[in-house]
Amino acid sequence: MSFFISEAFAEGAAAAGQPGLLESLIFPIGLVVILYFFMIRPQIKRQKEHKQLIESLGKGDEVQTDGGLMGRIVELGDNFVNVEIADGVVVKIRRAAISAVMPKGTLKEL
């Protein structure tokens with residue numbers, strides 16, 4: 001097929017249309033920056049807030065777990081807490097499974 005197109009012409013056209021190194025890196029770098037601000041940064045912020053919530057737990061706090069159980073903290077440990085979900089019913093759950101601290105008196109409304 002080289003008799004239809006001269007080789008000098010084909011090489012010249014290919015070399016003239018190639019972008020430089022900086023131009024070819026702008027799009028991937030832009031995607032990484034957008035990914036950071038829309039996905040990674042908010043996730044890190046939520047993790048810090050959850051860590052502060054777990055560290056601030058105290059005896060008597062009314063909490064809600066990831067599974068939907070609501071109860072009052074009876075005993076605190078390093079990794080586990082005992083939560084009273086009904087009169088005389090105490091369950092042991094992981095501290096990390098606590099998703100929210102409810103306002104005082106929430107359990108009375110239920």
Among the residues of the range 59-110, what is the count of those that are over 22 Å from ARG46 (Cβ atoms) and either hydroxyl-bearing (Ser, Thr, Tyr) or assigned to a loop (DSSP other than H, G, I, E, B) (or both)? 10
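Condition check: out of contact with any His (no Cβ under 7 Å at 6 or more places or on another chain), at pLDDT below 95, surrounded by 10 or more Cβ atoms within 10 Å (Cβ to Cβ) and in a helix (DSSP H, G or I). Does GLU11 satisfy that?
Yes: the conditions hold for GLU11.
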Consider the range 65-110. How many of its residues are surrounded by fewer than 13 Cβ atoms within 10 Å (Cβ to Cβ) and touching a Phe, Trp or Tyr at 6+ places or on another chain (Cβ under 8 Å)? 1
Consider PHE38 carefully, then state whether it is surrounded by 13 or more Cβ atoms within 10 Å (Cβ to Cβ) and either hydrophobic (A, V, I, L, M, F, W, C) or in contact with a Cys (Cβ under 8 Å, 6 or more places away or on another chain) (or both). no
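The values are calculated or read from the model by the stated rules, or taken from the named source; none is laboratory data. On a predicted model such as this, the values are computed, not experimentally measured, just so you know. Here the Cβ is made from the backbone with ideal geometry for all residues, glycine too, and neighbour counts use every protein chain on show.
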